[in-house]
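First up is the structure itself, then whatever we jot down about it.
The values are calculated or read from the model by the stated rules, or taken from the named source; none is laboratory data. Predicted, not measured: the structure shown is a model, and the values here were computed from it. Every residue, glycine as well, gets a Cβ built from its backbone with ideal geometry; the counts of neighbours run over all protein chains shown. With ligands, DNA and RNA removed, areas are computed over all heavy atoms of the protein, side chains included. Shrake-Rupley method; radii C 1.70, N 1.55, O 1.52, S 1.80 Å.
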Amino acid sequence: MNTRSTHEPIIQMRDIEKHFGSVIALAGVSVDVFPGECHCLLGDNGAGKSTFIKTMSGVHKPTHGEIVFEGKPMHFDDPRDAISAGIATVYQDLAMIPLMSVARNFFMGNEPIKRIAGIPFYDKDHADRVTMDEMREMGINLRGPDQAVGTLSGGERQTVAIARAVHFGAKVLILDEPTSALGVRQTSNVLATIDKVRKQNIAVVFITHNVRHALAVGDRFTVLNRGKTLGTAQRGQITPDELQDLMAGGQELAELEGSLGGTV
Amino acid sequence: MNTRSTHEPIIQMRDIEKHFGSVIALAGVSVDVFPGECHCLLGDNGAGKSTFIKTMSGVHKPTHGEIVFEGKPMHFDDPRDAISAGIATVYQDLAMIPLMSVARNFFMGNEPIKRIAGIPFYDKDHADRVTMDEMREMGINLRGPDQAVGTLSGGERQTVAIARAVHFGAKVLILDEPTSALGVRQTSNVLATIDKVRKQNIAVVFITHNVRHALAVGDRFTVLNRGKTLGTAQRGQITPDELQDLMAGGQELAELEGSLGGTV
Amino acid sequence: MSETAQVTDLSDERIKEMSALRRALIRPELGGMVGTVAVFTFFLLFAYDSGMFNAQGVLNWSIVSAQFMIIAVGACLLMIAGEFDLSVGSMIGFAGMMIAIFSVTLGWPTWLAIILSFAMCITIGAINGFIVIRTGLPSFIVTLASLFILRGFTIYFPQTIERKTIIGGIRDVAEGDWLAPIFGGKIGQPVFQWLGDVGVIDTFERGTRQGQPVVDGIPMLIVWAIVLVIFGHVLLTKTRFGNWIFAAGGDAQAARYVGVPVNRVKILMFMFTAFCATVFATCQVMEFGSAGADRGLLKEFEAIIAVVIGGALLTGGYGSVIGAALGALIFGVVQQGLFFAGVESSLFRVFLGVILLFAVILNTYIRRMITGER
Amino acid sequence: MSETAQVTDLSDERIKEMSALRRALIRPELGGMVGTVAVFTFFLLFAYDSGMFNAQGVLNWSIVSAQFMIIAVGACLLMIAGEFDLSVGSMIGFAGMMIAIFSVTLGWPTWLAIILSFAMCITIGAINGFIVIRTGLPSFIVTLASLFILRGFTIYFPQTIERKTIIGGIRDVAEGDWLAPIFGGKIGQPVFQWLGDVGVIDTFERGTRQGQPVVDGIPMLIVWAIVLVIFGHVLLTKTRFGNWIFAAGGDAQAARYVGVPVNRVKILMFMFTAFCATVFATCQVMEFGSAGADRGLLKEFEAIIAVVIGGALLTGGYGSVIGAALGALIFGVVQQGLFFAGVESSLFRVFLGVILLFAVILNTYIRRMITGER
Amino acid sequence: EGERYVLVSHAPDSDSWWNTIKNGIALAGEHVNVEVEYRNPPTGDIADMARIIEQAAASAPDGIITTLADFDVLKGPISDAVDQGIDVIIMNTGTPEQAREVGALMYVGQPEYDAGLAAGRRAKDEGVTKFLCVNHAIQQPTVGERCRGYADGLGIDLGDAMMDSGTDPAEIKNKVLAYLSANPDVDGILTLGPVSADPTIAALKENGMAGDIHFGTFDLGAEIVQAIKDGIINWGIDQQPFLQAYLPVVVLANYDRYGVLPGNNINSGPGFVTADGLEKVEQFAGEYR
Ligand SMILES: Nc1ncnc2c1ncn2[C@@H]1O[C@H](COP(=O)(O)OP(=O)(O)OP(=O)(O)O)[C@@H](O)[C@H]1O
Ligand SMILES: Nc1ncnc2c1ncn2[C@@H]1O[C@H](COP(=O)(O)OP(=O)(O)OP(=O)(O)O)[C@@H](O)[C@H]1O
Ligand SMILES: [Mg+2]
Ligand SMILES: [Mg+2]
């Protein structure tokens, strides 16, 4: 798998800084992401993971630093730009609109168009058909394409969101803590999906708190801490415990391990 | 630790059923909780964990079944009843009110009273002092008791919520997925807190998806599946893998392990 | 994979299946439909021979309903997009007054006056939207402010310029204008003449128009209402932009993240609402020939009520233009029908309140069934 | 543990420290205070010698502000509890009319009429609250329905019973009643007589009351306003119940889970709002001796505006009674001050809209600084 | 026997002056044994009123009695009704000429502007030089005409003398107080009906100008009558709404039954009610006066 890293990186984040008023959320972070690899972004709460990927996907403009996409410097003014460049993102909670149907959610922002008398209409038949197919492929059997997303479980929603991103030909798929609210079965489902996506030569950026989830699918691991990167490690170059230590900062964990039996 | 289980259970849930309209969320679940033990409730999304603990804490009335608290059958009409009986609950997301100050949140529903001319006033000094002390004890250094909860991080909020429950002399402390959104450091914090609380002979009911978190602090483990219990295991009687299997249902996981390297 | 699929299947088994009939019935418009049927049944029983259902009577409540529909379409789309506009009523007064001032006081051609008023009002709508978007304030507050500001100017301008709060004579200056008939004219006169001749419709018995049918055409107001309802319905359900409207109201942040231009959608909807209000005002001014400072009072509430009776969710993300149109129809029929039925007019408000309450309760129930909301 | 504490300390280092002065200044009422200062500065500059700031002038705008304050206190607490009430205006009309019907038409003692009206209105408030709680509908819709229903009855009752919509003569029947002066009387007459005698206050120079001071007492209306503001402020900030009000509005579900009786809090706040509206109505009826069906029109908006100018959050969970009182003061001073300053009176609405807009923007900024909201 | 007449007014629901009208038609209906109905636009929107006239015409009554609050707006619907064979009488607002133009049988009422003009002329004779007109219905164009007429009668410019007072009595009272204190040279007040007159009386009592300042008002009510008696109000202009309601019904009934019709319009006002001979007025103020 590591052979992929020898390719040209699809996206390079160079020395990204992001300030919110007086809060310094990112203090110079550089990360390269390669096609076909799953790049895990780890770090504690407030480390700046979400902020980092939001600059990557055009939600935030970096205060300082450069984004190079497929070799060319890019300036994303809003998420649409990033999406049309091929960067799809599944956000922490805000993936779906509960009151809307699955099909409409699936195609939200990328609605298929059918021209009747030159007027562009929403192609409902196509949208419904594609949605049903894609969902079945992901293992979700909908009652119908008109079923509201509000009736799906959390894992099902994450799966829909990932399926959507892949379907629209993303070259980079960013997932912000897709597994944090999920049960074992649904987590496996999401991890398996990531694995599948990666094999289609798509770059995956996977944010998680869970070292084991990261190790299950990750090719490379970047740990963020308080707005700075602690470096990137290749798969196989790092043990779970080292990664855990890197995320938490050593001593403290040792202290806890004593009383809790080392199984955190 | 297991010796504690020989005591009388502080709360017995007997054959609890709960229906929401046509949805059967719980189909007869029985669980005993003993003082001073950490009872872990595990299960997949939608298994009914939240519903189960909500019947325990008076939010839902069971459709069928009995709750025996300290040997006497109880009927909780609303959360106030359960709280005054000594059952404190920290809910999945809804622990705190962001716009209110930490001190007011801490004492919400249990405001200290100071009588001036017979009129009961909110004792702000006392509330502020206690809050600052308790927070310092938990390792959270507030800017002041008037700091809004909205400015705290997720882990800090969970900690405040737990501290609050313990402070008000809960006999049973219920935690619904307190660690799911937390980073390693904050997770350790919460687990350490659970450990501390348990040692004060308080019964802790700890809901989680994460087998490792459960094993770190749990004394007994109950797995829910599709509204039914799959039985309760003592600490030491079950390995992590068995527990994982129990939660997910065996075959499927095996299938995934092949491709993902067994680290889920 | 089949394994997982099976699991999800099981998951559905925990929920009772819905019959096909029930599923076909349960649509956002259901509440509006039920209400419409109920209202018509009621008045057919209690006001059948009062003239409510002769040609003239039908035209009467149709016009009133059409008026409500015009503003309800705008309010509905805006509400689905997650905002609402309390300044609709003031905008109606303002637009009419501007047309009057431009065309009568300043003596400009009517078409220019109309176009300028449209431009001004749509701009004001855009400003409303822009302030809402930029400050993040609730639209309730922002448009409440414009309610007062616009009404203030609507009284101030004519009073300073003309020393009265009503400006008449617009019909005279609009004589021969090419744009005015699109708002104030009628269509279908030959058909109605024929209907009158064969006796289906009563004819005038005396005066200059003796022999002509009492209803001599369909006012453009009704045409505008129908056109706007169809446009709104198609836009909402059949286009990409319609999907964006739902998305913007359902969860603006989520929509923004997948690339929906939420700000643009919301501002456009504010502009469309202003457009609808201006259509209303222009039709009124062209039909009646005068603009008054009190025009449009409380129309913002009437629009919101019609939309809510029609099944839209006040907080956005859910609703239907057809439903809103039915809500407007119910509103208009009840308002005029009570007159036909001879009910004391002050009780109209009581009826309105009660209908509103029942309609939203029914709609909430229907919506929960559709969306599986809890 | 010390380790963890240090970590949190570090976390705070990522945020700039606030100076003590700045922290002391930043309170929910700040916007209201700034506004009050601005408004008074403005009028001191432009209307100083118009009589706005002599005894009579001060009383003048104080009474108007006091009226707004009475309803603003209720609206403020209700808004903080997460709901709002559009039926306040109709409730004012209804309460006054009930007092008139009971005391004049039915001839019951005035105290009984007042008490009965209070009981009825508070019950209606409770019903509003109950419907909101039970159906989960937005209070906007529910109270919009009661706005119409109450206004309808306020017109219908007197019209059917008395054949008129203004019922007068209440002052005569209230003569000698023990309860009426608590709403319609004045206090402090001796003090003002003395102030007049020593020349601090002007005395009448002509007419029937020559020699009496131009201001001869403080109307009970102002006393009620002050009492209600103090009561509301103490209740909100100094009692357990006040904490529950914040909690209910901040996040009803979270509050419910920790045992706050959210439903009771909300219903009580609806009842308190109704109480305030009835106080307003009773004072008005007792002062003017008549009840009209159009009383209280648009007062619901004015209450909401005062509260919002005062810094409360429309969506609940945040606000201050002192702020609302300042908002009412600003509202009253601007309204009256424009007359003193000789500004065309129809421009008042324009000013109101502009002030509202600026006030909320300022308040939003202040709130973000206080709560660290993003 | 049993003819049906509909009276359509332009007043919002709560306008108390129209109670006299309602009572007037009700009494006339009893007297001549016809069915009478009263209709009005709930918010006073004249465009809505046009719809109500159309609605009334659709219900095919024997006659319609209506105001001409805005000639432009109402011309169409009224002449349609006339052409349809419904007899129409114009009451209250409008002018005899306009009534003729829409084809009405006759006009019963008091043209607003003319009434204001008469009031202004009389006030001028009584020494008014600068005035305040308290308008509680600024958004309703018709009543404002009274202020314009009054100003023209006085021969001075209306300027900012017309006050947008709103309908809240305390606000009206205090606005009047504020205006008078900011403009001490005002020596005449005109109020446009009980809604603005009652609080203005209270205001004048409070600032001691009661009886001192010239005070005229339109329309009567219990408080106004009392104030005329007390010498606070110089005169009230009584347009005798009772007649405006009662007479058209009687005229229509007799026209329908016997084909008789008065040869002229009836000016029910302006009549100036002063302190002399107030008992009847006092007894029935607000109900039949
Ligand atoms: N819009 C914003 N305005 C101000 N501060 C912000 C904003 N967004 C994020 N921050 C701050 O930036 C820092 C990094 O936040 P971020 O959400 O990126 O962390 P994270 O690593 O995603 O944490 P988590 O694991 O909890 O999701 C935090 O201190 C946060 O408070
Ligand atoms: N108020 C409700 N009305 C209807 N159905 C409900 C309600 N609350 C829960 N359910 C249903 O009951 C089932 C159990 O839900 P519950 O929230 O208890 O699961 P959980 O084990 O807590 O899941 P998670 O791990 O995702 O929190 C689900 O199918 C859910 O859809
Ligand atoms: Mg994050
Ligand atoms: Mg749960």
Within the stretch E:192-213, restricting to residues that are of a type in the set (Gly, Ala, Ser) and over 13 Å from residue E:228 (Cβ atoms), the one that is surrounded by the fewest Cβ atoms within 10 Å (Cβ to Cβ) is E:208
| query | within 16 Å of ligand 2 (Cβ to nearest atom), of a type in the set (Gly, Ala, Ser) and either more than 12 Å from the chain's Cα centre (by Cα) or not assigned by TED's automatic domain parsing to the domain that holds residue B:86 (or both) - does that describe any residue in the stretch B:181-196? | reply | yes
Restricted to the stretch C:183-205 and to residues being among the aliphatic types (A, V, I, L, M) and either within 14 Å of chain E (Cβ to nearest Cβ) or surrounded by fewer than 17 Cβ atoms within 10 Å (Cβ to Cβ) (or both), the residue farthest from residue C:287 (Cα to Cα) is C:198
Filtering the stretch E:239-261 down to residues that are surrounded by fewer than 22 Cβ atoms within 10 Å (Cβ to Cβ) and touching a Leu at 6+ places or on another chain (Cβ under 9 Å) yields E:242, E:254, E:255, E:261
Restricting attention to the stretch D:199-225, the residues that are over 30 Å from residue D:75 (Cβ atoms) and at pLDDT 85 or above number exactly 0
When the stretch D:330-374 is checked residue by residue, the ones that are over 16 Å from residue D:47 (Cβ atoms) and either in contact with a His (Cβ under 9 Å, 6 or more places away or on another chain) or not hydrophobic (A, V, I, L, M, F, W, C) (or both) are D:346, D:349, D:353, D:363, D:364, D:365, D:367, D:368, D:371, D:372, D:373, D:374
Going through (1) more than 14 Å from chain C (Cβ to nearest Cβ); (2) in contact (Cβ under 8 Å) with a residue 60 or more places away in the chain; (3) within 16 Å of the chain's Cα centre (by Cα) one by one, residue E:99 fails only at (3)
Residue set E:212, E:198; condition modelled with pLDDT of 85 or more, charged (D, E, K, R) and in a helix (DSSP H, G or I); output residue E:198
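Is it the case, given these coordinates, that residue E:155 is open to solvent by 10 Å² or more (accessible area, probe 1.4 Å), more than 22 Å from residue E:273 (Cβ to Cβ), free of Cβ contacts under 8 Å to residues at least 60 places away in the same chain and more than 10 Å from chain D (Cβ to nearest Cβ)?
In short, yes.
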Output for Cβ contacts, cut-off 6 Å, separation at least six or different chains, first residue of a type in the set (Lys, Arg) in the stretch B:172-188, second more than 12 Å from ligand 2 (Cβ to nearest atom), reads B:185/A:44; B:185/A:248
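Give A:90, A:59, A:23, A:33 a once-over and let me know the one that is without any contact (Cβ under 8 Å) to a residue 40 or more places away in the chain, assigned by TED's automatic domain parsing to the domain that holds residue A:171 and touching a Pro at 6+ places or on another chain (Cβ under 7 Å).
Details: A:90 fails: without any contact (Cβ under 8 Å) to a residue 40 or more places away in the chain; A:23 fails: touching a Pro at 6+ places or on another chain (Cβ under 7 Å); A:33 fails: without any contact (Cβ under 8 Å) to a residue 40 or more places away in the chain.
Step by step, each of A:90, A:59, A:23, A:33 is checked, and only A:59 is without any contact (Cβ under 8 Å) to a residue 40 or more places away in the chain, assigned by TED's automatic domain parsing to the domain that holds residue A:171 and touching a Pro at 6+ places or on another chain (Cβ under 7 Å).
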Restricting the stretch C:144-164 to residues that are over 29 Å from the mean Cα position of the chain (by Cα) and facing chain D (nearest Cβ under 9 Å), the one nearest to residue C:290 (Cα to Cα) turns out to be C:159
Taking the stretch C:250-280 and keeping residues more than 24 Å from residue A:175 (Cα to Cα) and open to solvent by 10 Å² or more (accessible area, probe 1.4 Å) leaves C:263, C:264, C:266, C:267, C:268, C:271, C:272, C:275
Would you check if there is a residue in the stretch D:80-91 being among the aliphatic types (A, V, I, L, M), open to solvent by less than 10 Å² (accessible area, probe 1.4 Å) and not in a helix (DSSP H, G or I)? yes
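Surrounded by 21 or more Cβ atoms within 10 Å (Cβ to Cβ) and not aromatic (Phe, Trp, Tyr), is that true of residue C:242?
Working: surrounded by 21 or more Cβ atoms within 10 Å (Cβ to Cβ): yes; not aromatic (Phe, Trp, Tyr): yes.
Answer is yes for this residue.
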Going through the stretch E:223-234 in order, the residues found to be over 24 Å from residue E:181 (Cβ atoms) and either surrounded by 22 or more Cβ atoms within 10 Å (Cβ to Cβ) or at pLDDT 90 or above (or both) are E:225, E:228
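Would it be correct to say that residue A:67 is at pLDDT 90 or above, assigned by TED's automatic domain parsing to the domain that holds residue A:18 and more than 16 Å from ligand 1 (Cβ to nearest atom)? Walk me through how you get there before you give the answer.
Values: at pLDDT 90 or above: yes; assigned by TED's automatic domain parsing to the domain that holds residue A:18: yes; more than 16 Å from ligand 1 (Cβ to nearest atom): yes.
Considered against the rule, which asks whether it is at pLDDT 90 or above, assigned by TED's automatic domain parsing to the domain that holds residue A:18 and more than 16 Å from ligand 1 (Cβ to nearest atom), residue A:67 comes out as yes.
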Going through the stretch C:92-112 in order, the residues found to be surrounded by 19 or more Cβ atoms within 10 Å (Cβ to Cβ) and farther than 29 Å from residue C:131 by Cβ are C:103, C:104, C:110
Condition check for residue A:90: within 16 Å of ligand 3 (Cβ to nearest atom), within 12 Å of another protein chain (Cβ to nearest Cβ) and buried (at least 20 other Cβ atoms within 10 Å of the Cβ)
yes
Of the candidates D:151, D:134, the one satisfying the condition of being modelled with pLDDT of 90 or more, charged (D, E, K, R) and open to solvent by less than 40 Å² (accessible area, probe 1.4 Å) is D:151
Of all helices (runs of 4 or more DSSP H) fully inside the stretch E:43-122, the set with 3 or more residues that are open to solvent by 10 Å² or more (accessible area, probe 1.4 Å) is E:71-83, E:96-102
Here the residues within the stretch E:267-284 that are in a loop (DSSP other than H, G, I, E, B) and among the β-branched types (Val, Ile, Thr) are E:274
Condition set open to solvent by 10 Å² or more (accessible area, probe 1.4 Å) and assigned to a helix (DSSP H, G or I), scope the stretch C:301-324, selection modelled with the highest pLDDT: answer is C:322
